[in-house]
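Student: This is the structure I want to talk about, given as structure tokens.
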Amino acid sequence: MKGYSLGGLLKNQPVELKKNSDFKNLINLYNHSDSLKKTRFRRKCYSLLQKARISPENLERFYFFYRLPKHSFFPLFLKLRKEHLNKIDCKKKKKNDYILKKMRQLPDNIQFLIKSLAKYEKSLTGKNCVIWLDFFYPKTKKKVNSYFKLNFFDWLKSADKYTGLLAKRFKKIDFNHIIRITSIFILGLSEDNCSAEKIKKSYRTLSKKYHPDQGGDPDFFKKIKDAYEFLTKDIHYMKQL
């Protein structure tokens with residue numbers, strides 16, 4: 001008879017679960033039962049067992065529906081499998097909490113940059129920002145920790161790459177809006193704190209600090225100047241609307 005077997009189910013369990021002392025009891029129950037060895041079932045049944053979705057009160061119905069032998073193997077397997085899945089969920093939660101905490105510890109200007117880009121993508125889709133999540137939001141602790149080693153230019157390059165992905169996905173994107181976001185980031189401002197006076201003050205402060213004549217980086221100084229000029233024109237344009 002074709003179908004899934006309990007032997008295959010046991011074989012496909014993760015190493016961590018197999019190290020559980022009670023897993024040996026499962027093996028013994030299986031090895032000493034001809035009915036368990038002969039049991040075959042459909043994919044749906046296999047999935048229910050793997051996901052441990054059968055509650056104790058529904059075991060009788062589970063046996064009847066999938067024509068399984070009433071055996072102590074099944075409640076023990078479901079118990080071990082559920083404990084294993086709970087451990088995985090716990091580890092995932094701890095990892096996700098760690099990542100979220102680290103993301104919130106990023107400097108304010110970087111948080112402004114990535115949050116603003118996420119907000120813009122959401123305005124394009126009206127739903128979730130899938131590209132942003134895949135590109136910016138780290139999936140591992142190692143990745144989020146690496147964010148703290150990135151410099152100013154690394155973040156600008158990331159913003160450029162992300163913009164390129166947006167342009168491929170959407171036919172029309174507002175490049176000026178994205179330039180405005182990066183310009184605010186460069187000048188160390190925020191969207192709520194971006195008046196003409198603040199722009200000018202930030203530009204003067206950064207210019208003195210990073211001007212090539214003062215030993216500053218010429219590329220960085222150019223970006224500061226470009227950001228200042230763009231935001232100055234942008235505010236003037238907004239006032240005309």
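Student: Identify, from the list Lys225, Lys201, Lys171, Lys157, the residue that is part of a loop (DSSP other than H, G, I, E, B) and either at pLDDT 90 or above or not hydroxyl-bearing (Ser, Thr, Tyr) (or both). It would help to see each step written out before you state the result.
Tutor: Details: Lys225 fails: part of a loop (DSSP other than H, G, I, E, B); Lys201 fails: part of a loop (DSSP other than H, G, I, E, B); Lys157 fails: part of a loop (DSSP other than H, G, I, E, B).
Answer to the check: Lys171.
Student: Kindly indicate whether Ser47 is surrounded by 11 or more Cβ atoms within 10 Å (Cβ to Cβ), in the same structural domain as Asp160 (by TED's automatic domain parsing) and either at pLDDT 95 or above or not β-branched (Val, Ile, Thr) (or both).
Tutor: On the way: surrounded by 11 or more Cβ atoms within 10 Å (Cβ to Cβ): yes; in the same structural domain as Asp160 (by TED's automatic domain parsing): no; either at pLDDT 95 or above or not β-branched (Val, Ile, Thr) (or both): yes.
Judged against the criteria, Ser47 is not a match.
Student: Related question: I need the full set of residues from segment 21-44 which are at pLDDT 95 or above and assigned to a loop (DSSP other than H, G, I, E, B), in order please.
Tutor: His32, Ser33, Thr39
Student: Take Arg61 and tell me if it is at pLDDT below 95 and over 30 Å from Lys142 (Cβ atoms).
Tutor: Details: at pLDDT below 95: no; over 30 Å from Lys142 (Cβ atoms): yes.
No: the conditions fail for Arg61.
Student: Where the second residue is β-branched (Val, Ile, Thr) and the first is assigned to a loop (DSSP other than H, G, I, E, B) and lies in segment 124-145, which pairs have Cβ atoms under 6 Å and are six or more apart or on separate chains?
Tutor: Sorted first by the residue in segment 124-145, then by its partner, the pairs are Phe136/Ile114; Pro138/Ile99; Pro138/Val144.
The values are calculated or read from the model by the stated rules, or taken from the named source; none is laboratory data. Source: prediction; values computed, not measured. We place every Cβ from the backbone using ideal geometry, glycine too, and count neighbours over all the protein chains shown.
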